[in-house]
Amino acid sequence: MKETFSFSGFILRHLVASAISVIAPMVIVVITYIVLLGISIFISSSSGISITLLLWPVFTFIVSIIYTAILLFPSVLIAEITSRIFGKWQRIAQIPVSCLFLILFIYGLCLLAHYYPNYSAITILHWADYPFILFLALAIPLGIYWWTIKLFK
């Protein structure tokens with residue numbers, strides 16, 4: 001049975017997966033903040049500044065959009081295309097192929113960051129010193145992105 005390609009279905013699946021990839025971390029941050037606020041109230045400790053409830057989801061939103069657009073989407077897209085050579089095993093092959101491309105993209109970005117002039121003086125670029133940890137941190141969002149796409153297929 002030949003699988004037909006529906007461009008609108010393809011776009012819809014990736015939009016849903018991207019939305020979940022961006023919204024889920026924000027929800028986790030808000031829930032964590034509420035739990036920590038409740039704990040601090042319960043133990044009569046300083047609860048911090050409530051403005052952080054507004055800043056962390058915004059920061060998480062921006063970072064989630066960046067890693068979804070630059071790392072997750074291309075990794076899964078290329079894995080969907082290249083894994084067709086595996087025939088009936090293509091869906092199973094997409095998982096390691098997605099991980100392989102994610103690693104390649106992360107190491108590529110880290111290499112580009114290291115070539116930036118005055119790299120050592122710019123503190124925000126020091127995430128590039130830990131590409132494997134970055135991969136491990138993005139492995140769960142990659143899995144959620146991939147499974148969301150397969151769920152709506």
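The values are calculated or read from the model by the stated rules, or taken from the named source; none is laboratory data. Being a predicted model, the structure only gives us computed values, none of them experimental. Positions of Cβ are generated from backbone atoms using ideal geometry, with glycine treated the same way; all protein chains shown enter the neighbour counts.
Cβ-Cβ contacts under 8 Å between residues 6 or more apart (or on different chains), taken from a first residue in region 99-115 that is over 16 Å from residue 80 (Cβ atoms) to a second residue that is part of a helix (DSSP H, G or I) and of a type in the set (Ser, Thr, Tyr), are listed as 113/119.
Among the residues of region 96-105, count how many are crowded, with 17+ Cβ neighbours inside 10 Å and either under 19 Å from residue 149 (Cα atoms) or at pLDDT below 90 (or both).
Keep residues of region 96-105 that are crowded, with 17+ Cβ neighbours inside 10 Å, which gives 97-99, 101-103, 105.
After this cut, where a residue has to be either under 19 Å from residue 149 (Cα atoms) or at pLDDT below 90 (or both) as well, the list is 97-99, 101-102.
Of the residues in that region, 5 qualify.
Confirm whether residue 12 is surrounded by 16 or more Cβ atoms within 10 Å (Cβ to Cβ) and either aliphatic (A, V, I, L, M) or at pLDDT 90 or above (or both). Quick ask: steps written out before the conclusion?
Values: surrounded by 16 or more Cβ atoms within 10 Å (Cβ to Cβ): no; either aliphatic (A, V, I, L, M) or at pLDDT 90 or above (or both): yes.
When the stated conditions are applied, residue 12 does not pass them.
Residues to consider are 50, 21, 83; find the one that is of a type in the set (S, T, N, Q), modelled with pLDDT under 95 and loosely packed, with under 15 Cβ neighbours inside 10 Å.
Details: 21 fails: loosely packed, with under 15 Cβ neighbours inside 10 Å; 83 fails: loosely packed, with under 15 Cβ neighbours inside 10 Å.
Just a single option satisfies the conditions, and that option is 50.
Inspect region 57-75 for any residue being at pLDDT below 90 and either loosely packed, with under 11 Cβ neighbours inside 10 Å or more than 16 Å from residue 146 (Cβ to Cβ) (or both) and give the result as yes or no. For region 57-75, residues at pLDDT below 90 and either loosely packed, with under 11 Cβ neighbours inside 10 Å or more than 16 Å from residue 146 (Cβ to Cβ) (or both): present.
This table checks each residue for (1) within 20 Å of residue 79 (Cβ to Cβ); (2) surrounded by fewer than 18 Cβ atoms within 10 Å (Cβ to Cβ); (3) at pLDDT below 90; (4) in contact with a Pro (Cβ under 9 Å, 6 or more places away or on another chain).
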| position | (1), (2), (3), (4) |
| --- | --- |
| 107 | yes, yes, no, yes |
| 113 | no, yes, no, no |
| 118 | no, yes, yes, no |
| 121 | no, yes, yes, no |
| 132 | yes, yes, no, no |
| 136 | yes, yes, no, no |
| 139 | yes, yes, no, no |
| 152 | yes, yes, yes, no |
